[in-house]
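Values in this text are rule-based calculations from the coordinates and carry no lab data. Only a predicted model underlies this, so the values are computations on that prediction, with no experimental measurement involved. Cβ coordinates were reconstructed from backbone atoms using ideal geometry, including for glycine residues, and neighbour counts include every protein chain displayed.
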Amino acid sequence: MRRSPLLTTLALSGAMVATACTTDPYTGQQTINRTAVGILGGAVGGYLLGDLVGGSHDRNAKMIGAGIGAIAGGAVGNYMDRQEAELRRQTAGTGVDVIRTGDELVLRMPAGITFPVDSYALQPGVQGTLNEVARTLASYNQTYIDVLGHTDSTGSDAYNQALSERRAQSVADYLASGGVARARMGIRGYGESQPIASNDTEEGRAQNRRVEIKVVPVTQPGY
């Protein structure tokens, strides 16, 4: 099993904290280097919030090329509120969780309802839900969409990584077939590296086997 990126980030962050302090050569007083602290905050925050797949600069270029504009800062909250309400209606009772963090949304889809065991072919039963989700995502097109695949720790790192990537790709392909522009989407597999529950129990492993659709508003520069 590979080391968790969060543990790696925290380890690096600890090292950065140690080097963020500077000592005045005359008084011997230690002060904190604000630049180093800012980098530290960005490193941890970037992991917890999740960077856009491909980076915001590349994604902005793709969005502009696709003729998709940004949302004015004051309108972002209402825009995401309305999109969230629609997605919650469409996924109610399906086993798909809609999670709101600030102005970002994550649709968490357990692999048990999305894919057969050891497969990246979508279950017929989830396709109706994805059709509705695709319709909403296509309508609210001023957003980035990242499709993220995850597995439990059963099996080798390499196998889990490949499976997570293929499952993310399957969901992205289905959304694209439902009208979601590929220029808006990023795809990434994380294998077993980002568990949300213990892999020591079957219940925990079931939670870790998932695909997430992350929806992030495209905002005007300066907001």
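Below, the figures for the structure above:
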{"item": "Segment residue 72-residue 101, extension gain: residue separation times 0.36 nm, minus the distance between their alpha carbons", "result": "8.5 nm"}
{"item": "Sites residue 202 and residue 94 - FRET efficiency at Förster radius 22 Å, r taken between beta-carbons, to 0.05", "result": "0.55"}
{"item": "Positive minus negative residues near residue 76 (Lys, Arg vs Asp, Glu; Cβ under 15 Å)", "result": "-2"}
{"item": "Residues residue 119 and residue 154, FRET efficiency given R0 of 25 Å [Cβ-Cβ distance, rounded to 0.05]", "result": "0.95"}
